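The values are calculated or read from the model by the stated rules, or taken from the named source; none is laboratory data. The structure presented is a predicted model; accordingly, all values stated were derived computationally and were not measured. Quick reminder, even Gly has a Cβ in these numbers, built from the backbone with ideal geometry, and neighbours come from all protein chains shown.
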Amino acid sequence: MLLLIAFVARAQDPNTTTNTNTTTTTTTTTTNQGTQQTGSVGGGSSSPNTYLGFEFLPTFTHFNVAPVEGGVYTTHFVLGYGGGLILGHNFTDHFALQGEVLYNALSQKYTDEANIERHIDLQYINVPLLMVFNTNSGKAVNLNLAVGPQIGINVGGKIKDSGAPSGVDTVGAVLAVKTGDLGIAYGAGLDFGSGPVVFGIGYRGVLGLIDISDDNQSTTTSQYYVLDRAHVSTYAGYVALKFKL
């Protein structure tokens, strides 16, 4: 009995210490960060800025042909061609500088008073330097406009004829051309592809600024210069393949 009273008194004593097992729960909050996409600040293209390529240009040409007694012959277009290398740099998505080195075979024909058809062929190495204005060079479809100066170097030329009818006296046509040429190149095109390879199609024209005819060669009374105050103008379509570096 005394033991029971002592146990009850001990349980009611406020100074009595009771051992309590406490379970502590720690909550850890994990923040999921979004995946960052690599790109240019301001929405610019992340594609390389410099490109190298190749270009082919089926070309029609016009230049004045002078008959013996003066004036201008009626000429006819003949399909020529051109082709070469492209090197360009996109400074922004909307502006680039593009240089080219092209070989151009230019052709034209005319019929003289003796009903002889003559065919003129000229060969040039042309170097245009173009300012290119793009809608957006980083997009899959890009419209561009191009304009700039073009320097040309004549590397050959010849004139062929179909032969004079029998019994007709003819005067010999002399083809004499200056070494250099200068013009303004211009055009528009569409580029397809936003990856490392871009395919382009478009139009390219060149307006000649100087007279290419050269009358410093000696001629006889039975000869005449076929080109007189002639400025070369060309009209070409093009296909191009460009590789971003």
Please go through the stretch 198-217 and pick out each residue that is among the β-branched types (Val, Ile, Thr) and under 13 Å from the mean Cα position of the chain (by Cα).
-> Val198, Ile201
Tally of residues being free of Cβ contacts under 8 Å to residues at least 60 places away in the same chain, part of a strand (DSSP E or B) and not charged (D, E, K, R) across the stretch 174-199 = 15
Asn154 vs. criteria under 30 Å from Val174 (Cα atoms), in contact (Cβ under 8 Å) with a residue 40 or more places away in the chain and either of a type outside the set (Asp, Glu) or part of a strand (DSSP E or B) (or both) | yes
For Ala173, state whether it is more than 20 Å from Val101 (Cα to Cα) and surrounded by fewer than 17 Cβ atoms within 10 Å (Cβ to Cβ).
-> no
Scanning for something closer than 23 Å to Gly172 by Cβ and among the hydroxyl-bearing types (Ser, Thr, Tyr), does the stretch 77-98 turn up at least one residue?
-> no
Give me the pairs, please: first residue somewhere in the stretch 202-215 and over 22 Å from Phe133 (Cβ atoms), second residue anywhere and of a type in the set (Ser, Thr, Tyr), beta-carbon distance under 8 Å, and either six or more positions apart or on two chains.
-> Gly208/Ser233; Ser213/Tyr225; Asp215/Tyr225
If the Cβ limit is 7 Å and pairs must be 6+ apart or interchain, which residue in the stretch 95-114 that is surrounded by 20 or more Cβ atoms within 10 Å (Cβ to Cβ) and at pLDDT 95 or above pairs with which residue that is among the aromatic types (Phe, Trp, Tyr) and in a strand (DSSP E or B)?
-> Asn104/Tyr124
Name the one entry in Ala146, Ala105, Ala114 that is under 17 Å from Thr234 (Cβ atoms) and over 17 Å from the mean Cα position of the chain (by Cα).
-> Ala105
